[in-house]
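Shown next, in structure tokens, is the structure this report addresses.
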Amino acid sequence: MKKSSKAPPSLAKKLLEGFVHYDDEFNILDTLHDLYNNKCETEGKRKANIWYWRQVLLSIPKNYYSRLIWRLVMIISYLIASKIRDLFTFRVYSWPSVFLPTRDFQYQEQTI
């Protein structure tokens with residue numbers, strides 16, 4: 001006998017698709033769909049819908065938090081790498097730039 005596949009709430013599914021990063025989208029959606037089908041068979045469609053909505057609403061803040069942390073780590077590592085590069089490129093002038101923010105100004109000679 002073939003299992004009948006029940007569809008999760010469409011609005012919740014579209015909401016999750018909009019907030020989940022595209023690399024994780026198929027993995028998360030497939031797993032939630034399988035668990036939703038199991039909940040439908042064991043506990044009924046109403047409880048499965050409530051469970052699905054709860055999972056969707058709880059996953060959105062966690063997803064944004066992890067993306068924010070990842071972006072901060074990347075920005076910090078970029079800043080550290082650029083300071084190290086400056087240290088090796090401009091040995092004499094780079095010690096203050098390690099501790100102080102710097103701007104690159106180019107001297108342009110004006111002709112009259």
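The values are calculated or read from the model by the stated rules, or taken from the named source; none is laboratory data. Quick caveat, the model's predicted, so the values are computed rather than measured. Cβ sites come from the backbone with ideal geometry, for glycine too, and all protein chains shown count toward neighbours.
Looking at ASP30, ASP23, ASP34 in this structure, which one is acidic (Asp, Glu), surrounded by fewer than 11 Cβ atoms within 10 Å (Cβ to Cβ) and modelled with pLDDT of 85 or more? Being acidic (Asp, Glu), surrounded by fewer than 11 Cβ atoms within 10 Å (Cβ to Cβ) and modelled with pLDDT of 85 or more holds for just one of ASP30, ASP23, ASP34, which is ASP30. Just one of the listed residues (ALA48, ALA81, ALA12) is assigned to a helix (DSSP H, G or I) and either loosely packed, with under 11 Cβ neighbours inside 10 Å or without any contact (Cβ under 8 Å) to a residue 24 or more places away in the chain (or both), namely ALA81. Of the residues that make up the range 35-56, is at least one under 16 Å from the mean Cα position of the chain (by Cα) and aromatic (Phe, Trp, Tyr)? Looking for residues that are under 16 Å from the mean Cα position of the chain (by Cα) and aromatic (Phe, Trp, Tyr), one finds none in the range 35-56, hence no. One residue alone among LEU79, LEU100, LEU72, LEU68 is more than 30 Å from ASP30 (Cβ to Cβ), modelled with pLDDT of 75 or more and among the aliphatic types (A, V, I, L, M), and that residue is LEU79.
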